[in-house]
Every structure is written in structure tokens, then in C-alpha cells.
Amino acid sequence: MSILKLHYDIDGSDFTRAGEASGKVKRVLKKLGLDAEAIRNVSIAMYEGEINMVIHAGGGEIDVEISSELVTIVLTDHGPGIEDVSLAMKEGYSTATDNIRSLGFGAGMGLPNIKKYANEVAIDTKVGVGTTITIKIYVPDCSAEL
Amino acid sequence: MNVLNHSVRLDEDKCKGCMNCIKRCPTEAIRVRNGKASIIPERCIDCGECIRVCPQHAKRADRDSFDILANYKYKVALPAPSLYGQFNNLDDIDCVLTAFKMIGFDDIFEVSKGAELVSEATRLLLKRGELKKPVISSACPAVCRLIRVRFPNLISHVLELNSPMEEAARLARIKAVEDTGLKPTDIGIFFITPCPAKITAIKQPIGLEKSNLDGAFAIKDVYPKLLAQMNRLDVTGNLRDSGIIGVGWATSGGASAALLRERYIAVDGIENVIQVLEEIEDEKLNNIDFIEINACTGGCVGGVLCTENPFVARSHLQHLRKYLPVSCNHLEGEKVPKAMNWDTSLKAISVLKLADNVEDALDLMKELNTIAERLPGLDCGTCGAPSCRALAEDIVRGLALESDCVFYMRDAQGNPSFQGLVPPPFRKPPKKEETP
């Protein structure tokens, strides 16, 4: 089985560029002809992860692996880490500053949305060291429609 | 459906093979081959951007000649509301409409009448709450085709109602048959169009098996004929039968304002349109009721077959509005007539896919990424493709060669005089000696 690997360095200093990498991945997935719902799930889950990385961790790296059955997104940052993961998973909970909220972010939907759109989520975080989030999205076989 | 039936055409003699059109095409549908632009028909959405940017005027919209009027016993003109915005100091739409009767038409039926009915039907459907939100307007055919090619996931959001043009044509034919007693086929219904996308929508209808129109004339072809007559009009007929709502459709925001709701977005200009469609796809606009989308900047007044600048045209229309009632056309019994609904939904066209199955596509994408990394990333367009990535894609599809890249050839030749070639520095004129 073929696996396509993509790598993105996420610049944490420029808000306006957050979402660029997930946009690129969406375009690639469309060219691959993946199931439409899987494409949506990947682009939303990855977008939320990418935004989080910029807001909270000053950027990081995203590795995406795509096969015909599974898309795996690994978001790695060296930010402050998440103190209480179960609290962070709650809808509406956010540690974002007022500054960030004024830009329309920080609604406390980032991690909950990742969970909603992903099939599997694993969060590995250590305060003061950083966070790695692994998101898996299953790709249904859409060749039957063709 | 014949996807080759486009109205955007190339005049090969005029084309110099420059890079302007390939860079502006929103679906990357143009390549330069053998020194001439060549349109990939499956990808073209007839938006007219290439016509707009071609410095040689080598791109044109294929439209009907006035000779075809002779094929019909009774001719009806359907002016788009954007036509009214072309005239300076116009304060009575009846002047324009009366002039049509002096240039070979027997009757007129304003597209703005159709627009008012479509607005009312949309209001009713939104109120019923059965549509998938955000609802995407379907009046701009270039947008419908863009969705079909680049955003097939959004097809279920598209409003499946006739465009004002089609609705007006449908009613115009019924009226003409009633007025004259002629057979429907003896009646010619002609749209006066601001854009090539609408011409294609007649030849290749969207949502309908067959268009209700028989042809289209460009605003810029009709404008001088009308103006000549308007200047010598003594009496004007009482022909106008639409108001602010219908005429408002000429500019971006008009169709939205007509819905009398506040949660809407009116987006225009192809780049903005693509960004908003991306946002709908990523479910960032789920709190919006309605999205009015026009491919041209400013809305229909920005169409490439208009004569006036879209912002000036908008100002002309603001002046006209003062003398108009709100709306003149209403649905009977507050019901959406069956004939106003589409026969068929939009069908996705999967031209962007690299291969029919994901496994093959993955292999091609890997190869594409490797090639793209080797290319210089200058997006100069000299190879005939709009960007290095587009060339890489053409290569893996077997449509181009890596040696089509001039920089690849330079490096492959190993010519030291070309190695590390960069554009020249700023050239300054020699300094003149300052006089004390």
C-alpha cells in the first residue's frame, strides 16, 4: 500500500498564516480523490490543531501520512504543554488571552472539535516541554461510487 | 451534456502565447502550447477572467449575431438588470426598454421580473427551513460550474431554483404565446448578457434539461444600438415592471438584500469567491443563512461584456433606484411554482483527480511532489503551465515533460554561463556631475 508523507513547519509568529497547511492538505486530498467526508474531517481537525499550535505554542511541525485507508496527522510543538487535558477537552474551556479572543479565536472549541471530527486522538503533553497530538481519520473506500 | 460547448474562445492569430491568462484562470484550465493559449474544456467554467486580462484581446466570448433574429416571427429581448447601469444620467428605465422595440425586437421582458420572483421563492424556502445552510445562490453560472469542478462537496448547498434569466425566459415565452397566438417555436427569446458564463448556460443549461432561451446578445453589442435610438426618443412606453429588488440583482449584495435577513454573505470577485467556498467547506460559516456569490467583481455589472466600469455602473443604478418601487412581481398564492425548480441537481465533474483510484493517485502524488521539489519554484509560466506545481502535475499526467522547464534545461545543459543565473540588479542611469 502506498503512503504519502507531507511535512509542514508552522510559523508561530504570524496569525494570518494559520490554516495554510491544512488548506494545502485539503487540496492534495481532493487531487487524490479521497472520500469527501474524510477530506472534510481531516481539514477541520487539522485546522483546529494548527490554530492551537499558533495560539498556544508559538508554532511547531505537522506531519501527515496518507494512505487509501487512513490519514494520520501528528502535530508536534515545544510550547507550554497542557496542564489539565480533560479540562482542555471540554467545550468552551480556553486559556487563550483576550488579545487572541479579540481575533475570534479562543472559543474553547479547538480540542473538542478535533475529537468530534477525528476517529482517534492521542494527546501526549508535558508541562514546560511541549505537546504532541496524533489524529487518525479513517478513509472509507469510495471506489464503489466510481 | 457536452462539456466542450464553451463560449470563451481563442483567436489564434492574435494570441502571442504570453502568461497573462494561464496565471489568472481559477481552475488552471489554460496552457500555452506551441506558442498559443489552449483551453482545457473539461476545466473551463466560462468565467471570462481570461477575456478580461488578455492584452492582445485574443480571448473572446462567442455570442449570437443579430442575423438570427430573422429566424423568428416574434422576438423578445430579456435585458439583464446590469444593462441599466451602463447608461450615464439615465433616470427612466422605460427609455432603454422602448429603444429595444426600435432595434428589431417586438417585445421586452425584464430579467429583473424573474429576479423578483426568484427572491420571493428563496424567501419562502428559507422560511420553511428545509434547505441545507448556508444556502448558496445559483444565479451565477460560473460559480455553479466552479462548485462542480472544485467544490463538489458543496453541491448539496446550492439553491435549486431557476436563475432570474431562465425564470424570465420561461414566463416571457408563455406571455408571447398568449399575446400573439403563435407557436412557441416561432418565438425567439434573447438574453442581453453581461457575461460569457450566461451564454454557456444557454447552450449547456444548469439544473435544466433545456434552456428557455434561444440566444444571447452581448450588452456591449446592444449598447451602441440602444443609445442611438434613446437619443431620439420622443415618447417612451410604459414598459418597466420591476422594482428595487429586481434591479438590485445587477450588483453584488442585491440578491441578499432582497431576502430581508441579516445573516448573509455577498461575495464577489473570483479570488474572494474561492476563499469563501473553502470556508463553507471547512464548516466555518454554518451560522450563515445565505451566501450570494458572483464570480465578477461588483456582481453582474462586472461582467466582461459590459461597457462601463462596475463601480461606476453601481453608482448609475443607485441614481435609478430613487424612482423605483420596491418590487412589482409576486408569486401566486405564496407558492413556489413547480416549473421554477431545477430538473436535476448539479453533477460533480472530477477533473482534478489524479487517478480513478486512490492507490494510483497516491503514487502519482508522490512523484508529483518529487518533481515539484526539483523545479525552481519561480512559477514563471514559460513552460506553458500556470505554476511549477501545475507543470509537475502535467508531467505525472503524461501531458508535459520536465524538459519543458527552461531552468531544468539550463541546469541539465551544464552551461556554466547560465549557472546561478538571477534577474539583473537595478540599473541606474549614470550620475550627472552636480553643478555648484
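The table below lists the values:
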{"item": "Candidates B:142, B:172, B:176, filtered to the one that is within 18 Å of residue B:82 (Cα to Cα) and either in contact (Cβ under 8 Å) with a residue 40 or more places away in the chain or within 14 Å of another protein chain (Cβ to nearest Cβ) (or both)", "result": "B:142"}
{"item": "Of all residues in region B:354-384 being more than 10 Å from every other protein chain (Cβ to nearest Cβ) and β-branched (Val, Ile, Thr), the one that is farthest from residue A:27 (Cα to Cα)", "result": "B:382"}
{"item": "Residue match in region B:79-96 (condition: closer than 24 Å to residue B:211 by Cα and part of a loop (DSSP other than H, G, I, E, B))", "result": "yes"}
{"item": "Some residue of region A:88-103 being touching a helix residue (DSSP H, G or I) at 6+ places or on another chain (Cβ under 8 Å) and under 29 Å from residue B:274 (Cα atoms)", "result": "yes"}
{"item": "Those strands (runs of 3 or more DSSP E) lying entirely in region A:1-93 with at least 3 residues within 11 Å of another protein chain (Cβ to nearest Cβ)", "result": "A:4-11"}
{"item": "Test: residue in region B:228-247 that is closer than 30 Å to residue B:60 by Cα, in contact with a strand residue (DSSP E or B) (Cβ under 6 Å, 6 or more places away or on another chain) and surrounded by 19 or more Cβ atoms within 10 Å (Cβ to Cβ)", "result": "no"}
{"item": "One residue from B:309, B:329, B:286 being under 21 Å from the mean Cα position of the chain (by Cα) and either away from every other protein chain (no Cβ under 14 Å) or at negative phi (or both)", "result": "B:309"}
{"item": "Cross-chain or 6+ apart pairs with Cβ under 9 Å, region B:184-197 first and assigned by TED's automatic domain parsing to the domain that holds residue B:211 and part of a helix (DSSP H, G or I), then of a type in the set (S, T, N, Q) and surrounded by 23 or more Cβ atoms within 10 Å (Cβ to Cβ)", "result": "B:196/B:7; B:197/B:7"}
{"item": "Whichever residue in region B:127-144 is in a helix (DSSP H, G or I) and at pLDDT 95 or above and, among such residues, is surrounded by the most Cβ atoms within 10 Å (Cβ to Cβ)", "result": "B:143"}
{"item": "So residue B:57, is it touching a helix residue (DSSP H, G or I) at 6+ places or on another chain (Cβ under 8 Å), at pLDDT below 95 and not β-branched (Val, Ile, Thr)", "result": "no"}
{"item": "Spans of helices (runs of 4 or more DSSP H) in region B:335-436 with at least 2 residues touching a helix residue (DSSP H, G or I) at 6+ places or on another chain (Cβ under 8 Å), at pLDDT 90 or above and over 30 Å from residue A:34 (Cβ atoms)", "result": "none"}
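The values are calculated or read from the model by the stated rules, or taken from the named source; none is laboratory data. Because the structure is a prediction, the values reported are computed rather than measured. All Cβ positions, glycine included, derive from the backbone under ideal geometry; neighbour counts span all protein chains shown.
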